[in-house]
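Enquirer: This is the structure, below, for whatever I ask next.
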């Protein structure tokens, strides 16, 4: 009996052990794994955001620049300590930047909904001199394009409808090529693009002009607190205070464009409001306070641009020519569309005829005016300009390429504006002058450069750029001036100026 009981208990224990082992071996339902799926609808690099029908692409670049005899991104030695050529100038300057781009696209019944944004982290050579309270820290975080596209509309910060696809970069590294428009980092706008077929399209938009499309308006009169009227103060470099009013209306811009296998042709136009603040900018005695002094009547300026790209030229595979020509009145930033906020040039060189040094300067304005109480006509006189830029881009082989590029800009004032400007300059700079002295604020700018690139592996490029810059100013003779320190008060003769810079760049695109 004991033996039977032992056998029964042992069998039960064995069955329990076997059932436990079998239970442990049963398959357990695993949680579904969401694999990243490639999205081939919009080109290489896109993938689906897991759990959605939205495609996303992450990209960007890391760029390191060093410029000799210039400022970051190959700005010529055309202003400030560099233009003065003094002991405070930096013989070289550098900038390191990483850009992160996020591009999303979703197919809808209205077409593709797209968002795009770029964030930049930069560190540039800190700037400053003994004249500054402290050097400016070179660290910077900035944004570039930030926009939404939907059903032909673009909302946000994007390239102006006025711009060419290459902006101010037909084949160059420098961000300071003169001769045309540049909104390569984007400006706040709303625009609509219509596709007409066969590569023909048209775009119309409204641009916020404050960030990129304003230079200066000079009020050539000053009223003191006691109500005394004087001509405005223009420094030795011919620059004055900016009297632009607030932004009242956006720029109206648009283009008609043809894209074909042979290249591209585009016509662009822009309307730009030019408005001053007040006739008297200093509060004082009765009826001379700014708000009751009146103001010039607002005027509309504008510009036009024709652009051409020619592909498949016989010099080699991938070679092309890019060029654009511009004319503007009251819209000079579309003639000198560099990275500088308000283009201004002040350069010094060797003197002659017993002068201490020579000086050449130029100041970009959209208009100047002289109020009637100061003897003027009270009207805005719009500044006129003409520009050209272009490049020939040649590929030696899959690893080496060279671009020859250049730019030109000419700025002109009408006769009334010249007379008013020169009266203010004479009143502000009262030093003795030579018998052949003459005042003329017109100027020309010209540049020519060459850049050679080496791409040893895909996405990694090393380049070297040499840029020549020439300032053709229209003053003549000599005068005793007091420029910004450390330049002394001395005799300077007015003379055209030149400078050459060298830019070395390494860039990794990803």
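Enquirer: For the stretch 245-271, give me the residue count where each residue is within 20 Å of residue 192 (Cα to Cα) and either assigned to a strand (DSSP E or B) or in contact (Cβ under 8 Å) with a residue 40 or more places away in the chain (or both).
Expert: The total comes to 18.
Enquirer: Part of a loop (DSSP other than H, G, I, E, B) and out of contact with any strand residue (DSSP E or B) (no Cβ under 8 Å at 6 or more places or on another chain) - does that describe any residue in the stretch 414-428?
Expert: no
Enquirer: Applying the selection to the stretch 311-333, what residues are assigned to a loop (DSSP other than H, G, I, E, B) and in contact with a strand residue (DSSP E or B) (Cβ under 9 Å, 6 or more places away or on another chain)?
Expert: Result: 312, 313, 315, 316, 317, 318, 319, 330, 331.
Enquirer: Also: Given the criterion assigned to a loop (DSSP other than H, G, I, E, B) and over 26 Å from residue 124 (Cβ atoms), identify the matching residue among 165, 170.
Expert: 165
Enquirer: List pairs: first in the stretch 347-369 and free of Cβ contacts under 8 Å to residues at least 12 places away in the same chain, second outside any loop (DSSP other than H, G, I, E, B), Cβ under 9 Å, 6+ apart or cross-chain?
Expert: 350/357; 350/358
Enquirer: Another question, if that's okay. Determine the pairs where a residue that is assigned to a loop (DSSP other than H, G, I, E, B), located within the stretch 198-212, has a partner that is loosely packed, with under 15 Cβ neighbours inside 10 Å with Cβ atoms under 6 Å apart, the partner being 6 or more residues away or on another chain.
Expert: The qualifying pairs are 199/260; 210/247.
Enquirer: Hey, can you tell me all the residues within the stretch 80-98 that are buried (at least 19 other Cβ atoms within 10 Å of the Cβ) and either in contact with a strand residue (DSSP E or B) (Cβ under 6 Å, 6 or more places away or on another chain) or assigned to a strand (DSSP E or B) (or both)?
Expert: Those that are buried (at least 19 other Cβ atoms within 10 Å of the Cβ) and either in contact with a strand residue (DSSP E or B) (Cβ under 6 Å, 6 or more places away or on another chain) or assigned to a strand (DSSP E or B) (or both): 83, 84, 93, 95, 97.
Enquirer: Considering only residues that are part of a strand (DSSP E or B) and within 16 Å of residue 333 (Cα to Cα), look in the stretch 360-373 and name the one that is nearest to the chain's Cα centre (by Cα).
Expert: Out of the qualifying residues, it is 363.
Enquirer: Residue by residue through the stretch 55-67, note down the ones that are surrounded by fewer than 17 Cβ atoms within 10 Å (Cβ to Cβ) and more than 21 Å from the chain's Cα centre (by Cα).
Expert: Scanning the stretch 55-67 gives 58, 59.
Enquirer: Of all residues in the stretch 112-139, count the ones that are part of a strand (DSSP E or B) and either modelled with pLDDT of 90 or more or within 18 Å of residue 75 (Cα to Cα) (or both).
Expert: Of the residues in the stretch 112-139, 15 are part of a strand (DSSP E or B) and either modelled with pLDDT of 90 or more or within 18 Å of residue 75 (Cα to Cα) (or both).
Enquirer: Looking at the stretch 387-396, is at least one residue within 30 Å of residue 458 (Cβ to Cβ), out of contact with any helix residue (DSSP H, G or I) (no Cβ under 6 Å at 6 or more places or on another chain) and assigned to a loop (DSSP other than H, G, I, E, B)?
Expert: yes
Enquirer: Can you tell me which condition residue 49 does not meet? The list is (1) surrounded by 15 or more Cβ atoms within 10 Å (Cβ to Cβ); (2) farther than 21 Å from residue 506 by Cβ; (3) in contact with a strand residue (DSSP E or B) (Cβ under 7 Å, 6 or more places away or on another chain), and all the others hold.
Expert: Only one criterion is unmet by residue 49, namely (1).
Enquirer: Specify which of the listed residues (294, 376) is touching a helix residue (DSSP H, G or I) at 6+ places or on another chain (Cβ under 9 Å), buried (at least 21 other Cβ atoms within 10 Å of the Cβ) and either assigned to a loop (DSSP other than H, G, I, E, B) or on the phi < 0 side of the Ramachandran plot (or both).
Expert: 376
Enquirer: Considering (1) at pLDDT 95 or above; (2) buried (at least 17 other Cβ atoms within 10 Å of the Cβ), say which one residue 402 fails and leave the rest.
Expert: That leaves (2) as the condition not met.
The values are calculated or read from the model by the stated rules, or taken from the named source; none is laboratory data. Every value quoted in this text rests on a predicted model; they were computed, and no experiment measured them. Don't worry about glycine lacking a Cβ; one is built from the backbone with ideal geometry, like all the others, and counts go over all protein chains shown.
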